[in-house]
Structures are given as C-alpha cells and as structure tokens.
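Structure record follows, encoded as structure tokens.
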Amino acid sequence: MRRSRTVALTAMAAAAVLVVTGCSSSSKSGDSSSSSAAGAGADAATKNIVNASDKKGGTVTFEMKGTPDSLDPGNTYYAYIYNFSRLYARPLTTFNPAAGEDGNKLVPDLAESMGQPSADGLSWTYKLRKGLKYDDGTPITSKDVKYAVERSNFAPDVNSNGPTYFHDLLVDNPTPYAGPYKDKEGDLKSIETPDDTTIVFHLQHPFADFDYLVSAPQTAPVPQAKDTGADYVKHIVSSGSFKFESYEDGKQATLVPNTNWDKSTDPIRKQLPDKIQLKMNIDQATIDKDLLAGNAQVDLVGGGVDPQTQAQILQNPKLKAKTDNAYGGRLVYLAINSKVAPFDNVECRKAVQFAIDKVSVQTAEGGPIRGQIANTVLPPDIPGHQDFNLYETKDNKGDEAKAKDALKACGKDGINTVLSARTERATEVAAATSIQAALKKVGINAEIQQYPQGKYLTDSAGAPQFTQDHNIGLMMMQWGADWPTGYGFLQQVVDGRAIKASGNSNLSQLNDPSVNKLIDDAAVNPDKAAREKIYGDIDKKVMEQAVIVPLTYFKVFLYRPDSATNLASTPAFSGEYDYLNIGSAK
Amino acid sequence: MTASVTTAGNEPEAAAPDGPAKKIEGRSLGQIAWTRFKRDKAAVAGGVVVILLILLAVLAKPIESLFGLDPDALHQDLLDANLGGLPLGDWGGMSLDHPLGVDPLQGRDLLTRVIEGSWVSLLVAFGATLLSNTIGTVLGIMAGYYGGWVDTLISRVMDVFLAFPLLLFAIAISTSLQGGAFGLHGLPLHMMVLIFVIGFFNWPYMGRIVRGQTLSLREREFVHAARSLGARGPFILFKELLPNLVGPILVYSTLLIPTNILFEAGLSFLGVGIQPPQASWGGMLQDAIRYYQVDPQYMVVPGLAIFITVLAFNLLGDGLRDALDPKSN
C-alpha cells in the first residue's frame with residue numbers, strides 16, 4: 001500500500017544521515033585543553049599514551065558508520081584507512097604511534113632509514129629492512145613496493161580512490177605509462193630497483209616532502225602475482241603485524257596475528273590482541289553505546305561521538321574525564337568563487353569576509369568543542385602557521401559597517417548568489433544558515449542549495465562549470481592535509497594549477513601566479529624553516545585575495561573506553577587514536 | 001443539446017420514509033450525505049481541525065507580520081555553546097518568549113517555525129493532490145467511457161507509472177532541478193518541483209478509481225438516455241458522468257492529502273525538498289532526529305503538527321466516504 005512508502009523514506013533517510021565524513025590525514029594537536037575541563041583525565045590521550053600496556057590477548061573491536069572506500073592500501077583516501085591499513089600493510093615510512101606532537105614525527109617503517117635525496121634533489125633512495133616477509137612466508141622485495149606505487153597511481157580506472165601524487169611527481173616513460181593492468185609487460189622506468197632491498201624514485205622536480213609522500217599506504221608492498229585489481233581487497237596479502245582471516249564486503253573484516261611478521265624487523269608495532277574485528281555500517285548512536293559499554297574499543301572513522309552522546313558525556317564529569325577533544329587537522333571554511341560575478345571583484349569578497357559572524361557559525365557547528373574560531377587558512381597545528389587576522393571584527397562577530405563599505409567599493413548595493421552545502425552534514429547546513437543570516441544584514445542574498453556529499457566535489461561544488469551555470473558564488477567546505485606540512489595542506493586548495501574540471505578542491509578557483517610560484521619555491525627548498533615561512537606567506541597572500549573565509553579549526557571529540565589499551569590521539573591522522581598498537585584490557 | 005438531460009445526473013434517490021406526521025420533503029443526495037456526515041462526531045472534529053489548519057496556513061504570513069515574528073531569526077544567546085549548541089533551560093528552552101522552545105544550533109523559535117511550515121506543507125499537499133486528481137480524473141474517465149484501445153493505452157500507461165521507482169526519481173529530479181529552472185528559483189521552484197513530483201506520479205491511483213466507477217456508470221440509464229438524445233462524448237463525460245464521480249474523488253482527495261503531506265515531509269527529510277532556512281515540517285523533523293534523546297521536545301513539535309494534520313484529514317476523509325457512499329462499509 002502507498003502509505004508504507006513513508007516508512008521506507010524514513011529508513012532511507014536514516015541511512016543517508018550515516019554516510020561517512022572526512023577526507024584525509026593530517027596535523028597535530030598542541031594545546032587542546034578544552035574550555036570547561038572537568039575531571040583530570042580529559043584530553044589525556046592528546047598528550048600521552050593512555051592505558052599504556054604490553055598485555056597480550058583479547059579481541060579489539062573497531063566499529064564504523066558507513067563503509068570505507070576500500071581497505072586496499074592502494075585504493076583509499078580516508079585518513080582512518082591510512083591509519084588502520086598500517087596493521088596489515090607497511091609503507092616505506094610511517095607516523096610514530098604517539099600522542100600530540102610526537103605523533104607527527106615520521107619514522108622509517110619498511111625502509112631501514114629515511115630517504116636519501118640526491119644532491120640535485122631529483123632522486124630519492126630507500127633501503128628496505130632485512131628479513132621482511134609476507135604472511136605466506138615469501139620475502140618482500142623492493143619490486144613489490146614499485147609495483148604497489150604503479151598500481152595505485154597509474155591505474156585510475158581500477159584503483160580510483162587514492163590521490164595520484166606519485167603520478168604527478170615521478171618522471172613518466174617516453175610513451176606515457178598506462179599502468180600495470182593495461183601494460184602487463186612494461187613498467188615505470190623512473191622507479192628503479194637495482195636489488196631486492198633498494199628502491200630509487202626519480203622526480204620531475206625536487207620535492208622536499210617526499211618522505212611524507214611515501215608514508216601513504218600506496219607504498220606498502222603488493223606482490224604482482226597476487227594482485228587481482230579491484231578484487232585485491234578481498235585477499236589482501238599482509239606485510240604488517242596482522243593478517244586477514246576473513247573479509248565480507250560492506251559488513252566486516254577479521255584480522256589475526258601474522259605469524260610471519262618478525263618483531264626484529266619492526267620497532268614500532270606490538271601485535272597485542274588475538275583478534276581484531278572491524279564491523280561496518282553501524283549506526284553512530286550504536287557505536288557510541290558500544291564504546292560506553294566497552295563492547296567496542298574504537299570508532300574507526302574517528303570523527304567523534306554523535307551530538308546526543310556528546311551532550312550526555314559533557315553533562316557527566318566522570319564520562320567527560322574519559323574524552324579527548326583534539327584538533328582534527330582540518331579547516332572548516334567558506335570558499336568564495338572568484339570566477340562567479342560579482343565575486344571576481346576582491347572588494348565583494350571582502351564584504352563577505354567582514355559580514356560573517358563567526359561566533360554564530362561556531363555555535364551552529366556545535367560550539368567550541370567542535371571547533372575553534374579560525375582566521376587563517378593554515379590550522380595552528382600545521383608547521384608554518386602564523387597568527388594573523390586581515391579582516392578583524394569585534395569578537396569575530398562580523399562588522400556590518402565594514403562589510404557595507406567593501407560592498408560599496410565593489411560598486412554594489414546588494415548581491416544575489418547561491419551558497420552550497422552538503423545535504424548529509426547537518427552542522428554544515430546549520431553553519432550555512434548562520435552565514436546566510438549574517439550576509440542578509442549587509443544586502444547579500446545567499447540562497448542555500450544542498451548537494452549530496454558523495455558527488456559534492458565531482459559534480460557540483462568541485463565542478464567549475466557547474467558552479468558557473470548555477471551562480472554558486474559561495475561554497476561550504478572542509479579541508480584536511482594529506483600530510484602535516486604546509487604543502488600537504490595548501491597545494492590542493494590554493495594552487496591555480498590544481499584546478500580541475502571535476503573533482504576540483506580549489507573551490508575558489510584562485511589562480512594567482514605569485515601564490516603558484518611560492519608553492520613551487522617551497523616544494524624545492526631543502527631548508528625546513530625557510531619552507532615553513534613560505535607557507536605562512538602563502539596563507540597571507542590567499543587571505544589578501546579574500547577567496548577563503550576561514551570559519552573554524554575543526555576538533556574531534558572522542559570517547560576513550562577503559563577496555564582499550566595504548567590510546568593516543570594522533571595529529572597525523574586527523575586526531576584519531578593511533579590504531580597500530582591498541583590492545584584489549586580484558 | 002437538450003436541456004432536459006442535465007437533470008438526469010441528479011436523479012434523487014428515494015427518500016427514506018419519515019414519520020407520517022412530518023411533511024415529506026424531497027432531499028438531494030448532498031443533503032442526505034450532509035445529514036449522515038453530521039452524525040459522525042469524529043469526522044466533524046476532523047473537518048473542524050482541517051478548516052482551522054487551512055486558516056492557519058492562509059493566515060501564517062499575516063500572523064507573523066502582525067506579531068513581528070521571524071521564523072529565521074537566530075537566538076543563539078539562548079543556546080549552551082559548550083554543550084554543543086543545545087537550548088539552555090528545560091524543555092528545549094521553553095519560555096514566555098518562545099512557548100514551544102527553540103531549535104538547537106540556531107536558536108530559532110519553534111512556534112513561529114511550525115506556523116511558517118504549515119503553509120508550505122499544506123500548499124504542496126493541496127497542489128500535488130489537485131494535480132494528480134486532475135490528470136487521474138480526465139484520463140480515468142476517458143479510459144472508462146471509451147473502452148477499447150483508449151482504455152488499453154491509458155491502463156498500460158498507468159501500469160508504467162505505478163511501476164516507476166517514484167522515490168528515486170523524485171530524488172533525481174529534485175536534485176537536478178536545484179538552482180533554477182523555468183525562470184524560477186529558490187522556494188517557488190522547490191515547491192513547484194515537489195508539487196510536480198508528488199502530483200504527477202500519483203495520478204494512476206485516482207485514474208483507476210475513476211475508471212472503475214465510470215465503467216459501471218456508463219451502463220446506467222441516464223447515460224443511455226443522454227446518448228440516445230444525441231449527446232456527444234465530451235458532454236457525457238463532463239456533464240453526465242463527472243457530477244456522479246464527485247463523491248469518490250472528494251473522498252479520495254482527503255485521503256491523498258495526508259499522504260502527500262507525509263511525502264513532502266519525507267522528501268524534505270531527505271534534503272531534496274524545501275531548502276533551509278525555509279521552515280517546513282519535514283525539514284524540522286529531519287533536524288530533530290539528531291537530538292531525540294537530549295532534546296526530545298524539538299522532535300515532538302513538528303511531529304505533533306504532522307500527526308494532527310494527517311489524523312484530521314483521515315478522519316474527515318473516512319467520514320466523507322461513509323456519508324457519500326454508505327454501501328462501501
């Protein structure tokens with residue numbers, strides 16, 4: 001009968017609300033001592049490893065809302081899979097499993113030391129450790145690392161989820177390399193493997209962050225003989241401390257200790273539990289209940305508890321003491337489309353900068369616990385961040401007079417435009433509503449349009465032609481760095497050459513030659529301090545252009561169950577706990 | 001055309017025998033139905049509530065401007081930012097200024113938003129019902145009267161529409177038409193899209209009912225009489241048959257309206273209906289779901305509004321059906 005349709009609607013809506021959030025890894029947490037701290041234990045895991053223990057045995061249960069893009073290390077772009085995959089896939093380098101600042105440190109993993117750049121900075125050499133084996137006992141060679149990079153970066157039709165930094169950075173063959181699936185005989189000449197433990201990467205131009213780049217799971221070895229393309233996720237060969245016992249697509253995965261993993265080849269992994277379970281498609285409220293009851297140890301997505309659980313926890317000092325409120329290494333911002341009139345005029349963009357009441361936006365995002373008010377593009381925890389505010393307003397509450405002056409300078413009395421937000425993100429829509437109300441006061445009429453988040457960057461906000469056709473001048477956005485440096489954060493969002501017809505992240509379509517040049521300068525500069533200064537300068541230039549309105553520096557709010565050991569909130573993975581050594585206390 | 005045939009449609013039913021003392025009066029079908037309807041207390045109550053709701057919807061804007069209410073005004077000073085933006089105080093921030101409380105994150109007055117949401121929800125539901133009834137009636141009556149290949153064609157089209165994955169299509173069309181179409185944008189566009197999507201795909205239900213009724217009516221004497229007097233197709237369809245179909249159409253409409261209100265709420269719930277900040281009952285409900293444990297009051301407000309409206313229309317519809325067509329019981 002027709003009336004049952006509404007029931008189906010509700011069920012679908014519930015499912016739609018559960019769609020996963022997040023983009024990629026990043027950033028450190030520094031001072032996340034939250035506002036009204038109750039109980040000594042709050043934020044403990046942002047400073048130290050909590051419940052540190054070497055106790056073996058037990059089961060560690062991970063639960064997640066939705067499903068991951070893929071557990072295949074060569075086919076993922078989520079910070080939580082970058083984090084989780086290290087249990088079964090060892091990249092050349094990885095982040096130190098530690099809390100706070102220490103978590104941002106890069107350590108060699110499959111490689112025995114960090115990369116050796118050549119004098120001209122154009123080639124990087126890594127030596128693998130001795131005695132590395134897969135879970136089936138066969139030895140791991142540098143050729144498998146080379147193959148892993150080829151399959152993850154040169155076959156976008158098969159492994160489409162991950163970024164393709166290697167593709168963009170490595171020297172291509174004279175006839176462009178078509179990837180290992182199409183070109184079964186050939187290979188990428190710019191990755192050399194002179195012997196089974198050495199691998200050399202040849203770059204098009206010097207790239208100072210290369211050690212960070214190889215920390216991506218894309219460098220975790222994959223034996224070519226075992227690679228079944230998109231189906232590889234069903235039979236992943238393990239190089240880490242755990243191996244797959246079972247995997248059910250969209251439901252669950254079970255990991256057990258990898259008996260061929262040798263502690264002597266691995267200074268950072270502990271191999272504590274007897275079993276690691278990953279349960280997918282669990283409702284966030286259920287995950288929270290399981291965490292509180294000790295039935296689950298970790299929320300894999302690591303975005304923090306549901307608003308209701310958050311309120312319950314905050315009202316109970318005992319529970320509050322077991323939480324971590326860390327920076328998620330992410331900026332929540334409003335991108336102003338510099339290609340849609342009248343925002344092609346910098347004065348009109350400044351009017352928006354001055355008009356927005358950031359306190360109202362912060363409240364709509366869920367209050368200080370969910371983010372600190374932002375005035376720069378670089379979050380405070382990315383090296384190179386400088387504190388400045390080009391568009392100061394009293395208490396960050398917006399300034400109508402200044403906004404109207406800017407509007408006048410732009411030659412406008414009022415503006416009609418469209419403000420886009422992602423349907424599934426309720427707080428993003430609420431923040432858009434706050435922005436709309438503030439803009440209305442100065443004569444800017446922004447009509448809110450919601451688009452599904454799964455296609456936000458491919459079909460709507462991230463498709464410049466679409467924004468042009470639909471008069472989308474303002475876009476709600478969040479951005480997290482792919483690795484915690486200024487380059488990893490800024491390049492995709494402000495480099496004019498990163499603008500794409502679809503899947504664009506430079507939503508403002510800023511293409512400023514001086515910004516582009518600074519990005520190039522920083523990439524080739526071998527001096528860390530000099531690089532960081534340049535990133536601060538880029539930030540200032542972008543803010544002068546007024547194309548991004550920083551709203552808040554995103555924070556996660558995690559519950560820390562007693563039943564889990566070795567919990568450390570790491571800035572390298574968006575404030576999530578480091579998943580490498582979590583054990584069961586039971 | 002002969003004028004005499006027009007009365008044929010209103011042939012009075014034999015009046016029930018009253019007491020011999022009373023003066024015998026001829027009563028029309030409508031009068032009889034009205035008497036029956038009045039006896040049904042639940043239906044009358046439903047009818048009163050429906051009238052009040054329609055008044056509320058029509059007067060929503062004047063009421064707001066009279067009392068200086070702004071459904072989109074933010075009162076974030078009434079929220080506890082450190083608790084994630086929940087309303088301060090008990091019962092979702094109920095106070096004299098905000099009798100039903102305010103919503104989390106934004107602090108907008110819920111009473112004002114429910115009033116504002118009423119005209120959106122009712123207008124969409126009425127518009128969609130009107131659209132599907134118009135299409136359904138015209139095509140249904142033609143299929144029923146003409147029969148043959150006309151009937152086959154229309155019936156197959158109905159089957160196609162019934163088999164259509166309506167919800168998916170609704171989501172697709174609502175998404176693709178966002179941002180401006182047909183010279184419209186913003187709220188008028190969203191409402192028009194909703195009316196179209198809900199109305200255009202629901203006509204076969206009405207079509208089938210009308211077709212069925214027409215099939216039995218076309219064999220009745222007054223139709224034969226009209227035809228033998230030389231009346232042509234369109235005249236018989238709309239002057240002879242249609243007046244006799246008003247009953248079922250009316251009844252079905254009152255039952256369709258609440259379904260459409262729920263459908264509108266559902267689409268807004270999925271984010272493809274009315275866009276924020278415009279208040280709509282479905283949109284409010286969607287928002288409230290996330291706070292059902294810590295701020296249940298928020299969910300109760302739009303939930304109750306939808307519940308009362310749907311119940312009132314259903315009671316009215318059931319009452320009308322019993323009154324107009326007592327045999328169906």
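Please treat every number below as a calculation from the coordinates, not as lab data. No experiment lies behind these values; they were computed from the predicted model shown. Heads up, the Cβs are rebuilt from the backbone with ideal geometry, glycines too, and the neighbour counts pull from every protein chain shown.
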Completion exercise
With the 8 Å Cα cutoff and a minimum separation of six or more residues, the range A:428-586 has a relative contact order in percent of 14 percent
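Relative contact order for chain A using alpha-carbon pairs under 8 Å, separation at least 6, rounded to a whole percent? The partial results should precede the final answer.
Values: 1391 pairs, mean separation 139.6, N = 586.
Taking the mean separation of contacting Cα pairs over the length of chain A, I get 24 percent.
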Exercise for the section: Sequence neighbours fewer than 8 away in the same chain don't count; with that in mind, list the aspartates and glutamates whose C-alpha is under 16 Å from residue A:586. Expected result: A:54, A:274, A:290, A:562
Problem - Rounded to whole Hz, the Karplus (6.51, -1.76, 1.60) HN-Hα couplings of the range B:130-146, x for glycine and proline - result: 4, 5, 5, 5, 5, 4, x, 5, 4, 6, x, 5, 5, 4, x, 7, 7
Practice task
Find how many whole Å separate the alpha carbon centroid of the range A:543-559 from the alpha carbon centroid of the range B:84-99.
Solution key: 29 Å
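Determine, for A:483, B:149, the number of other Cβ atoms within 10 Å of each Cβ, and report the residues in order from fewest to most.
Numbers: A:483 23, B:149 8.
Listing A:483, B:149 from fewest to most nearby Cβ atoms yields B:149, A:483.
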Completion exercise
Under 5 Å from the placed amide H of residue A:133, counting only residues 5+ away or on other chains, we find A:140, A:262
Handout entry: Peptides A:360-370, B:307-317, A:527-537 ordered by average Cβ neighbours within 10 Å, highest first
Key = A:360-370, B:307-317, A:527-537
Problem - ³J(HN,Hα) computed for each position of the range B:149-160 - Karplus, 6.51 cos²θ - 1.76 cosθ + 1.60, integer Hz, glycine/proline x - result: 5, 4, 4, 4, 4, 5, 5, 5, 4, 4, 4, 4
Fill in the blank from the handout: Across A:421-430, the residue-averaged tally of Cβ atoms belonging to other chains within 10 Å stands at 4
Handout entry: Cross-link pairs beyond the 31 Å C-alpha cut-off, checked among A:56/A:528; A:182/A:500; A:127/A:455
Key = A:56/A:528; A:127/A:455
Handout entry: Residues B:115, A:548 arranged by fewest to most Cβ contacts within 10 Å
Key = B:115, A:548
Practice task
Project the alpha carbons of the range B:53-137 onto their principal axes and report the range along each, largest first, in whole Å.
Solution key: 56, 28, 18
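In µm²/s, what is D for the protein assembly as shown at 20 °C and 1.002 mPa s, where D = kT/(6 pi eta Rh) by Stokes-Einstein and Rh is the Kirkwood radius from Cα pairs?
On the way: Rh = 30.8 Å.
Estimated diffusion coefficient is 70 µm²/s.
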Problem - Model label zone, residue A:528; criterion: amide N under 17 Å from point 7 Å along Cα-to-beta-carbon; scope the range A:201-230 - result: A:207-215
Exercise for the section: Pick out which of B:260, B:133, B:82 has the largest mean-square fluctuation in a Gaussian network model of chain B, springs linking Cα atoms closer than 10 Å. Expected result: B:82
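Which of B:139, A:292, A:551 comes first, and how do the rest follow, when ranked by fewest Cβ neighbours within 10 Å? Walk me through the numbers on the way to the answer.
Working: B:139 22, A:292 17, A:551 27.
Listed from fewest to most nearby Cβ atoms, that is A:292, B:139, A:551.
Take each of the peptides A:79-85, A:307-313, average the number of other beta-carbon atoms within 10 Å over its residues, and list them starting from the highest.
Put in order of decreasing packing, that is A:79-85, A:307-313.
Using the membrane-span-like helix rule (whole DSSP H runs, Cα extent along the own axis of at least 15 Å, mean Kyte-Doolittle hydropathy at least -1.0), which helices of chain A qualify? Show your work: numbers first, answer last.
Working: long enough: A:4-17 (20 Å, 1.30); A:142-153 (17 Å, -1.29); A:426-441 (23 Å, 0.39); A:513-524 (17 Å, 0.29); A:528-545 (26 Å, -1.14).
Passing helices, by number: A:4-17, A:426-441, A:513-524.
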Handout entry: Residues whose placed amide H lies under 5 Å from that of residue A:282, excluding near-sequence neighbours
Key = A:64, A:65, A:66
Completion exercise
Highest GNM mean-square fluctuation among B:318, B:80, B:109, for chain B with Cα springs under 10 Å, belongs to B:80
Practice task
State the volume of the convex hull built on the alpha-carbon positions of the range A:111-249, expressed per residue in Å³ and rounded to an integer.
Solution key: 118 Å³
Problem - Proximal lysines to residue A:358, defined as alpha-carbon separation beneath 22 angstrom and excluding residues fewer than eight positions away on the same chain - result: A:350, A:394, A:397, A:402, A:404, A:440, A:441, A:540, A:541, A:555
Handout entry: Residues of type lysines that residue A:184 reaches as a straight line, Cα spacing below 17 Å, ignoring anything fewer than 8 places off in the same chain
Key = A:143, A:146, A:226
Practice task
Take the Cα atoms of the range A:367-438, build their convex hull, and give its volume per residue in Å³.
Solution key: 140 Å³
Practice task
Taking H placed 1.01 Å from N in the peptide plane, check which residues at least 5 places from residue A:478 or on another chain put their amide H under 5 Å from its amide H.
Solution key: A:333
Completion exercise
the range A:61-127 and the range A:488-511 have their Cα centres apart by a whole-number Å value of 24 Å
Fill in the blank from the handout: Once the mean of 1/r over all distinct C-alpha pairs in chain B is inverted, the Kirkwood radius in Å reads 22.5 Å
Problem - Relative packing of peptides A:429-438, A:459-468 - highest average C-beta neighbours within 10 Å first - result: A:429-438, A:459-468
Practice task
Considering only DSSP beta bridges where both residues belong to the protein assembly as shown, give the percentage that are antiparallel (nearest 5).
Solution key: 75 percent
Handout entry: 5 Å-binned pair-distance histogram of the range A:500-560 (Cα, whole percent)
Key = 4, 14, 19, 18, 18, 14, 7, 4, 2, 0
Handout entry: Table column - 3J(HN,Hα) (Hz), the range B:87-98, Karplus curve with 6.51, -1.76, 1.60, x for Gly and Pro
Key = x, 6, x, 7, 6, x, x, 5, 7, 4, 5, 10
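Determine the shielding of peptide A:350-361 by partner chains: average, over its residues, the number of Cβ atoms on other chains within 10 angstrom of each Cβ. List each step's numbers first, then the result.
Numbers: counts 0, 0, 0, 0, 0, 0, 0, 2, 0, 2, 5, 1.
Mean shielding by partner chains, rounded to a whole number: 1.
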Problem - For the range A:459-533, the spread of Cα positions along each principal axis, largest first, Å - result: 44, 24, 17
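For peptide B:81-93, what's the mean number of Cβ atoms from other chains within 10 Å of each residue's Cβ? Walk me through the intermediate numbers first.
Working: counts 11, 7, 10, 17, 13, 8, 0, 0, 0, 0, 0, 0, 0.
Mean number of neighbouring Cβ atoms from other chains: 5.
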